1. Would you check if there is a residue in segment 332-348 being at pLDDT 95 or above and within 16 Å of the chain's Cα centre (by Cα)?
2. Out of everything in segment 113-147 that is free of Cβ contacts under 8 Å to residues at least 60 places away in the same chain and in contact with a Phe, Trp or Tyr (Cβ under 8 Å, 6 or more places away or on another chain), what residue ends up being nearest to Y351 (Cα to Cα)?
3. Could you list, in sequence order, the residues of segment 197-207 that are part of a loop (DSSP other than H, G, I, E, B) and under 13 Å from M245 (Cα atoms)?
4. Taking segment 79-110, which residues are of a type in the set (V, I, T) and either in the same structural domain as D209 (by TED's automatic domain parsing) or free of Cβ contacts under 8 Å to residues at least 60 places away in the same chain (or both)?
5. So which residues in segment 296-319 are closer than 22 Å to A139 by Cβ and either among the charged types (D, E, K, R) or surrounded by fewer than 20 Cβ atoms within 10 Å (Cβ to Cβ) (or both), if there are any at all?
6. On the basis of being free of Cβ contacts under 8 Å to residues at least 40 places away in the same chain and outside the structural domain of F135 (by TED's automatic domain parsing), does S280 make the cut?
7. If a residue has to be at pLDDT 95 or above and touching a strand residue (DSSP E or B) at 6+ places or on another chain (Cβ under 8 Å) to count, how many in segment 254-266 make the cut?
8. Quick one: in segment 91-112, of everything that is of a type in the set (A, V, I, L, M) and under 24 Å from the mean Cα position of the chain (by Cα), which residue is nearest to D346 (Cα to Cα)?
Amino acid sequence: MARNDEWYQRLSRRDFLKATTMAGLGAGLGSAGWMQSALAAEKTIGFAGWAFEPQVADGLCKEFMAQNADVKVNYTPLDLQLYNEKMVALFNAGSQPDAFYVRDTNLAAWVEAGWMQPIDGMPKLAELDNDIFPFNREALFYKGKQYGTPYYGDIYLYLYDKKALATANVKSPPVTLDQLKSAALEVKKAGIAKYPILKGYKYNTDGLDELWSMVFASGGHMFNPDMEPVFADQDKTALACLDWMLEAMHSSEILDPRGLELDETQVRDAYVSGQAVFTSAVGNVFPRVNNPALSKRAGDIQMTRFPGVKDAGKGPMGWTRLYGISSKTREKDAAYRLINFLGGKDSHGQYLSAKTWYLKYGVGYAFKSLDQDPDIMAAQKKAGYDFDVLRQQTNNARARENINTSWYFEWDRYTQTQIQNVLLRQIKPEAALAASAKKAHDLKKAAS
């Protein structure tokens with residue numbers, strides 16, 4: 001994502017003055033005040049995260065040190081795509097940092113491996129939890145214990161080009177899959193796009209997000225509370241969604257088959273360049289596609305309620321990334337203070353970290369009260385959000401039903417492969433879902 005974007009630099013003057021060491025978020029952060037804090041530090045902790053805009057994370061760590069003179073933080077950015085593998089290697093070698101980023105897809109497995117410790121009862125935690133959206137708060141817990149504070153939380157979006165729909169004489173944005181097909185066929189008929197829908201199906205971190213969102217938007221389920229899969233026999237919602245994808249790609253030809261060779265980031269870049277009319281995307285793509293400095297179609301993109309088999313008035317999939325603490329840290333207090341600062345409020349009572357990430361890069365926040373923050377509301381208005389749609393989707397988002405299992409990550413990757421095989425016409429949708437359900441049964445049994 002672009003780093004010198006004036007559009008995003010909307011932190012209030014009050015917050016900016018409170019965090020003067022972050023003025024450049026990566027340039028000139030070593031102020032004299034910070035140097036004095038470092039020299040006075042009594043404790044040193046290591047902190048690691050995947051390398052998404054690492055200069056911002058580095059700047060936030062230095063602001064933490066400016067506000068906590070007794071703690072020095074050694075920050076290390078790790079490869080984004082290989083983050084899980086690199087962290088597992090560090091855990092196994094006993095050289096893990098004291099605090100680190102955690103994906104909700106990895107939390108249960110890392111806890112079961114003994115790599116993380118709970119933070120229940122730590123200072124100011126209860127107050128923080130009360131201001132977190134339910135689907136984000138749920139992702140911080142495993143087996144009744146809390147293991148982190150939120151790095152960010154977001155929802156999956158369905159986007160459309162409103163100018164293209166107007167040209168094709170589509171009166172309203174689709175909110176069901178049938179409506180989406182009809183709208184896409186009108187766009188195709190008008191000669192606007194050969195394949196109106198572009199979605200990345202190449203194996204990646206977010207590869208199942210669209211299926212989850214379609215199922216949730218339809219009011220369906222994939223797992224019951226006992227973590228037994230229901231999508232292969234009891235609840236046919238996932239099958240209907242997969243059937244729709246297959247038909248859209250190979251029969252009505254509205255879903256671009258190039259998506260089988262593209263990941264989410266490649267699709268995002270194609271979409272901002274003007275390709276396709278519809279796409280699904282992670283939340284921070286919306287302000288990007290409406291940013292004139294980054295997008296050829298700025299001002300033309302809007303979000304609709306995520307389409308499902310039926311209009312159930314529900315929301316899409318939501319997810320969370322969190323900050324956690326190593327079970328082996330010798331500085332739990334200092335490590336907790338860091339993740340409470342990064343995943344909560346600074347010493348001035350402000351959500352400095354969450355606001356910085358959102359206002360700079362559109363990275364979603366997990367805190368309910370920020371919906372009413374003047375800086376954030378102004379940024380959302382400038383980005384062109386339909387507030388009614390945004391709030392409806394956020395307030396009705398759901399966490400993946402089996403996310404708090406130690407085997408989620410492996411099941412997710414296996415199921416992505418099954419979906420790819422369906423879209424390549426190598427396997428029928430029913431067989432793919434049956435195989436995925438069997439995989440879930442086997443993984444659950446092995447973990448019990």
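The values are calculated or read from the model by the stated rules, or taken from the named source; none is laboratory data. Bear in mind that the values here come from a model prediction, so they are computed numbers and not experimental data. No Cβ is skipped: glycine too gets one built from the backbone with ideal geometry, and neighbour counts run over all protein chains shown.
1. Yes, the conditions are met somewhere in segment 332-348.
2. P118
3. L198, K199, G200, Y201
4. V88
5. K314
6. So S280 fails the test.
7. Number satisfying all stated conditions: 3.
8. My answer is A99.
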